[in-house]
Amino acid sequence: RRLPALPFLLLAALLLVPTVACGIGAGSRPPASTPRATDEVPGPSPDVPLDLDLADKLLHDGDAEQALAIYDAVAGSSQEGGAEWRRAVQGAAQIHYREGRSDAVEGTLTALLDEDPPAEERQRALLLLGTARQEAGRTDTARDALAEYVEAGGVAAGHARLRLAAALTADSEDASAVEELQLALADGLPPPQETDAQFALARGLETTGRDAAALAAWQRAADGAATP
């Protein structure tokens with residue numbers, strides 16, 4: 001059963017937080033959302049304002065195309081690793097996620113993580129990256145990102161554990177999935193996610209041969225679900 005997508009407004013709240021400057025990392029990385037200007041590749045259109053506050057407002061108002069144009073323009077013209085570049089890359093990544101472009105999410109957020117961003121920005125990037133990978137069926141790399149997010153104490157750890165459990169289940173690691181689901185439920189989840197977690201836990205307990213515990217989990221799910 002497909003997990004419900006992380007609510008887009010929650011993603012926006014997690015990603016669009018003011019950032020602080022950090023040092024530039026070394027090493028190669030995938031390209032950012034827009035290539036940097038060179039002799040062969042033109043720079044951003046002069047008609048696109050380099051205004052991240054405007055991009056955030058456009059995204060909030062539902063104009064993702066214009067918001068992405070600004071994020072890309074800023075990413076292409078700012079110092080890599082700087083605060084504006086990081087903010088632009090994160091904004092572009094959440095639009096790519098909303099539009100189902102998992103490869104673009106991978107490229108932008110891998111580039112961000114390679115720059116060793118501040119801890120809170122790193123956590124937000126890991127959550128979105130792990131979510132996009134899990135939805136795209138890239139379970140092995142999704143597990144890496146989600147587990148790192150949980151270990152870092154991210155505020156949405158319960159949701160990350162649900163995603164991690166789904167990835168583990170897809171890889172037939174049902175016992176580990178059950179453990180993550182139990183931890184997610186212990187963290188506290190919103191009602192719709194709690195019901196989904198209870199059903200997933202009951203199925204996992206059945207699969208691992210714990211029938212009595214599975215029956216109790218099914219009963220809890222039936223008692224709390226809108227459609228028993």
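Couplings 3J(HN,Hα) for segment 158-171, derived from phi with the Karplus relation 6.51 cos²θ - 1.76 cosθ + 1.60 (θ = phi - 60°), are x, 5, 4, 5, 4, 5, 5, 5, 5, 5, 5, 4, 4, 8 Hz, where x marks Gly and Pro.
Taking θ as phi - 60° and the Karplus parameters 6.51, -1.76 and 1.60, the scalar couplings of segment 129-134 work out to 5, x, 5, 5, 5, 5 Hz in sequence order, x denoting glycine and proline. Seen through its C-alpha gyration tensor, with square-root eigenvalues sorted a ≥ b ≥ c, segment 141-181 comes out prolate because a/c lies at 1.5 or above while a/b is bigger than b/c.
Shown for segment 58-139 is the translational diffusion coefficient from the Stokes-Einstein equation, using the Kirkwood radius over Cα pairs, a temperature of 37 °C and a viscosity of 0.692 mPa s: 259 µm²/s. Between residue 170 and residue 183, the simple label model (points 7 Å from Cα in the Cβ direction) yields a spacing of 1.9 nm.
In this structure segment 108-176 gives 36 Å² per residue of accessible area when probed at 1.4 Å with all protein chains present.
The values are calculated or read from the model by the stated rules, or taken from the named source; none is laboratory data. No experiment lies behind these values; they were computed from the predicted model shown. Glycine gets a Cβ as well: all are built from the backbone with ideal geometry, and neighbour counts include every protein chain shown. Ligands, DNA and RNA are stripped out before the accessible areas are found, and what is left, the full protein with its side chains, is counted by its heavy atoms. Shrake-Rupley method; radii C 1.70, N 1.55, O 1.52, S 1.80 Å.
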